[in-house]
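Worksheet: the structure to be examined is printed underneath.
The values are calculated or read from the model by the stated rules, or taken from the named source; none is laboratory data. None of these values were measured; they are calculated from a predicted model. Note that we place each Cβ from the backbone using ideal geometry, even for glycine, and neighbour counts take in every protein chain shown. The protein model used for the area step is the full one, side chains on, heavy atoms only, and it has no ligands, DNA or RNA in it. Shrake-Rupley method; radii C 1.70, N 1.55, O 1.52, S 1.80 Å.
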Amino acid sequence: GRPVVHLFGVLESGGSFLVRDTRFAPHFWIRSTDAERGLEIGARNQQPSSRTTMAGEALVRVELPRPSDAPPLRDRLRDKGIQPCEADVPFAIRYLIEHGIRGTLEIEGRSRKGKRIDRVFEDPILRPCRWRPSLSVLSFDIETDPQARTLLSIALVGCGAAEVLLFTPKDLEAPDEAVAVDSQEELIESFARRVRELDPDVLTGWNIVEFDFPVLMRRAEALGVPLDLGRGRGAVRRRRGSSRQQSSQVSVPGRAVLDGLALLHGAFIRMEEYSLDAVAREVLGEGKTVTGRQRAHEILRMFRERRSEFVDYNLTDARLVVQILEELDLVELAVERSRLTGLPPHRVASSIAAFDFLYISELRRRDLVAPSVDSSRSAEETGGGAVLEPVSGLFHNVVVLDFKSLYPSLIRTFQIDPLGFVEHPEPGADLIRAPNGAHFERQPGILPGLLDELFPRRQRAQQEGDAIAAYAIKILMNSFFGVLGTPLCRFYNPAIANAITSFGREILLWARRRIELEGLRVLYGDTDSLFVDTERDDEREAHRLGRELCELLDRELASHIEAIWRTESRLTLELDTVYLRLFLPHVRHGTRGARKRYAGLVRDGDETRVVFTGLEAVRRDWTELARRTQRELFERLFHDEPVEEFVRRRVARLRDGELDEMLIYRKGLRKDLDDYTSTTPPHVVAARKMSEDPGRRVAYVMTVAGPEPARERANSYDYEHYVDKQIRPVTEPVLDLLGLDFAKVIGDDVQLDLF
């Protein structure tokens, strides 16, 4: 008759546990002034509460029989003009918040042996604690026929296993390295049994949430076989994402489902492509054993004719995922982010949910309650950081001064906080006023307090060499500004978000003026960075000047902030980069400098290397031809080597067909193909010509007949398109700098003599 919270986990001893708690009732709050009307609408079980809204209004607590009763009652109250508080916090997350638990916990109580669980605790005493577990990981990969109607095999790697369950009808034989099963039903049952026997904490694979699990669930349902993978009772469940950008989720009782592809995206690790083959080659230097446009049919042929090779292919796919996760510490990062934010490991990439958990937890300590999300709000424009007009040209020994964690530091310095925000200040009130006109109380706020805790924790992690913890904290801190600027967040307030950016602009412009008082020229500035021309010939002198500028600006900025706002500066400048050479281009077909685009030569140990920002060399929507051409061109420019012959030869080789492997474009689909109606970009044209599902990213080439799929090209390449749209844009800025004309350099300036 009551909901039961189930907390599954791994013990310090390595065994599994389940906490069953029957003592927690679903609830939310309404204002005391709405209590009487709330009774009439259905909010009957009202309990007195000491908590208030963030504005200090008295509340009553509304308890419900089941978590599923909350949304309909919440909606009925809203329809009648009553705004409930925290009525959309998920029941299980509410439980963790109220118990102060973030990822790990201490359990005090008696236990019994469970059917699949080592220790089951009924209504124990729970306390939060800090502990970093090591989770066991099992990777699996399924192979199917091209239509995904028949399961051919399932590979499992991890927890001491490396095996393939192989569908083996009577007319086929199983190689010694596979486990033969003679029916689809037995294949699913054997897979489920092996998962339960190996008993992993984490189930993983590549794109398993969007492909492997849906296929397994469909086949299990069609065959009437339970897909029983969990440590506890309950079916595998899948919740579809609401858009192409929002990923789906799969839940298995007692196990964390962490999709390798989702972990990679959630860790903000950029890759050229996100297929398993491409990522494995970039991270491990090894890829899948079968690739190409006919891969699905080749796999089926291997299944029938070369079964040992087929088994090796399937096993390799499962193994590569485990190795990628280990190499990049992705499971450990998810665990650390769970310990930091309180969210379960599969949800840690949700920055809004993480902010909710942390902020509501702090409100709870102050006996305060947050508002529910207002779904009727639309986004208002948030001002960006200051971007200074670049001085285009080629420069020597340029130092980049960077405000360390600028937005989090501004929040700490100026007490920018949802709770401390004062919408209608009293005349003469002693408040901190932001340049955009927003006001904040001076006493320490919740958000600045969270950052005051996180900054030294990150510093300690860096000093101790704990890169995972340091990166987890960095991701969390950097998410706070973006969260406050989205209407999907319950604490969304455009005045607060704009207060942060307005302070950022104010501080950057102050720093530029102060540098110019030293007689130095600021070549460019963007949000938190300033590019200063040191006018020094010696690299070591440039380093010394950069460090001296940081010390000077830190000291004088602290005095400036104290004088104007009467608060302590938490802002710190650091010498980020010294560019031995820096190229700032002008805008295409214009004379002014191009923002957020530059290339520079930096020292890396005893060597030097060229780095790019915003230019084609680091943009995934440009071809390898353009990226490689630009990289090689700047290597020559920065080392004072001639460039004309290089450009001429590159165009000649392209036209001779020597660079065909570098002509592929890659572009993501932001919506379904049928939804592109008003415009049809080239990658959509190519995708519609594909014989198979294009997936999220389309690889295509430009031919004399227009865009075509890279692996299904039917016509000749349009080489002149690549000359004009790929080589010309990346070489002209450098040629213009040197006073050279692109057409003349490549020999296309032939004129007719008239006589």
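Order the following by accessible area, largest value first: 629, 486. Probe radius 1.4 Å; ligands, DNA and RNA are ignored.
Heavy-atom accessible area, descending, gives 486, 629.
What's the carbon and sulfur percent of the chain's accessible surface, probe 1.4 angstrom, rounded to a whole number?
46
Collect residues whose amide H, placed 1.01 Å from N in the peptide plane, falls under 5 Å from the amide H of residue 597; neighbours closer than 5 in sequence don't count.
none
Ranked from the most accessible area to the least, with a 1.4 Å probe and all protein chains present, what is the order of 721, 639?
Result, largest first: 639, 721.
Rolling a 1.4 Å sphere over the protein heavy atoms, what is the accessible area per residue of the stretch 447-518, to the nearest Å²?
Accessible area per residue: 39 Å².
What translational D, rounded to a whole number of µm²/s, comes out for the stretch 575-641 from Stokes-Einstein when the hydrodynamic radius is the Kirkwood one over Cα pairs, at 4 °C and 1.567 mPa s?
The estimated diffusion coefficient comes to 101 µm²/s.
Could you tell me which helices of the chain pass both thresholds, a Cα extent of 20 Å or more along their own axis and a mean Kyte-Doolittle hydropathy of at least 1.0, with helices taken as whole DSSP H runs?
Once both thresholds are applied, what remains is 467-484.
Quickly estimate the mean residue ellipticity at 222 nm for the chain, helices only: each DSSP H run with n ≥ 4 gives -39500 (n - 2.57), and the total goes over all residues, rounded to 500.
The helix contribution divided over the chain gives -11500 deg cm²/dmol.
Just to verify a number: what accessible area does residue 692 come out at with the full protein assembly present, 1.4 Å probe, Å² rounded to tens?
Approximately 90 Å² of residue 692 is accessible to the 1.4 Å probe.
At R0 = 35 Å, how high is the FRET efficiency between residue 688 and residue 743 if r is their beta carbon distance? Nearest 0.05 is fine.
My answer for the efficiency is 0.50.
What number does the stretch 453-607 give for Rg over Rh if you use C-alpha atoms and the Kirkwood radius?
1.00
When the Cα centres of the stretch 135-162 and the stretch 550-568 are compared, how far apart do they sit, in Å?
The stretch 135-162 and the stretch 550-568 have Cα centres separated by 59 Å.
How big, in percent, is the set of alpha carbon pairs in the stretch 18-159 lying more than 23 Å apart?
So the portion of pairs separated by more than 23 Å is 57 percent.
With every protein chain present, what accessible area does residue 223 have (1.4 Å probe, heavy atoms only), rounded to the nearest 10 Å²?
Answer for residue 223: close to 50 Å² accessible.
Loop only per DSSP, at most 16 neighbouring Cβ atoms within 10 Å: give me the trypsin sites (Lys or Arg not before Pro) in the stretch 59-104, ordered by residue number.
80
For the stretch 39-189, what is the accessible area per residue in Å² when the probe is 1.4 Å?
51
Once all Cα-Cα distances of the stretch 182-275 are split into 5 Å bins that start at 0, what whole-number percent is in each one?
Reading the bins upward from 0: 2, 12, 22, 25, 18, 11, 7, 3, 0.
Per the Kirkwood definition applied to all pairs of different Cα atoms, how many angstroms is the hydrodynamic radius of the chain?
Kirkwood radius, the chain: 30.1 Å.
Would you list the P(r) distribution for the stretch 73-115, with all Cα-Cα distances sorted into 10 Å bins from 0 and each bin expressed as a whole %?
21, 29, 26, 15, 9, 0
Would you kindly compute the Cα radius of gyration of the stretch 597-755 and its largest Cα-Cα separation (Dmax), both in Å?
Rg, Dmax (Cα atoms, Å): 18.2, 62.
Can you list the HN-Hα couplings for the stretch 199-204, worked out from phi with the Karplus curve (6.51, -1.76, 1.60; θ = phi - 60°), rounded to whole Hz and with x for Gly and Pro?
Running phi through 6.51 cos²θ - 1.76 cosθ + 1.60 with θ = phi - 60° gives 6, x, 6, 10, 9, 9 Hz.
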